[in-house]
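Notes follow once the structure below has been shown.
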Amino acid sequence: MDYLMEGTSFSVLLLGLITGIAFGLAIYKAGASQYDKILGMLRLKDFAILKFMLTTIIVAGIGVHVLFGMDMIDLSLKPVWIWAQLLGGIIFGVGFALLGYCPGTGVIAAGEGKKDAAFGIVGGLVGAGIFAHFWPALSASIIEPGNIGTVTLSSALGVPIGIELYL
């Protein structure tokens, strides 16, 4: 709590809360928290969620560009921890397949009163607690050994920056 009081201004926290609520409402209005819509997208029969996601990516990209230009965010490259990312991807995929929601849409579905989504929220919190408890052992045995440094598309393909846009 001290970090919130000392490290983050109230206006930034309020902006985060407002944009989070607005994004949650947009997800709700787009139907992205409805199991049938999610299933339709995964079966490539209903593209409403895909259109919403692409629109969100474009708007977020513009927002990040503006905020980066104002020196409000840090876009430094982070290292790739391959084993942690593979394990996290597997856990995410299994959770999505079992529950039918991703974490964001699960919270929105719970807000709609869908009881099945509450299991996903509880599972996510328990999983986060277990991960935090075992972090020292996981960091030393799995995460750091899988650190392959910063990887970009250019470095992975061995081409100069900008060339990959034309591939």
- Name the helices (runs of 4 or more DSSP H) wholly inside segment 90-163 in which the number of residues that are surrounded by 11 or more Cβ atoms within 10 Å (Cβ to Cβ) and at pLDDT 85 or above is 3 or more. 103-111, 115-133
- Query: Which of the residues spanning segment 18-64 are more than 30 Å from LEU98 (Cα to Cα) and surrounded by 12 or more Cβ atoms within 10 Å (Cβ to Cβ)?
  - Reply: VAL59, GLY63, VAL64
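The values are calculated or read from the model by the stated rules, or taken from the named source; none is laboratory data. Being a predicted model, the structure only gives us computed values, none of them experimental. We place every Cβ from the backbone using ideal geometry, glycine too, and count neighbours over all the protein chains shown.
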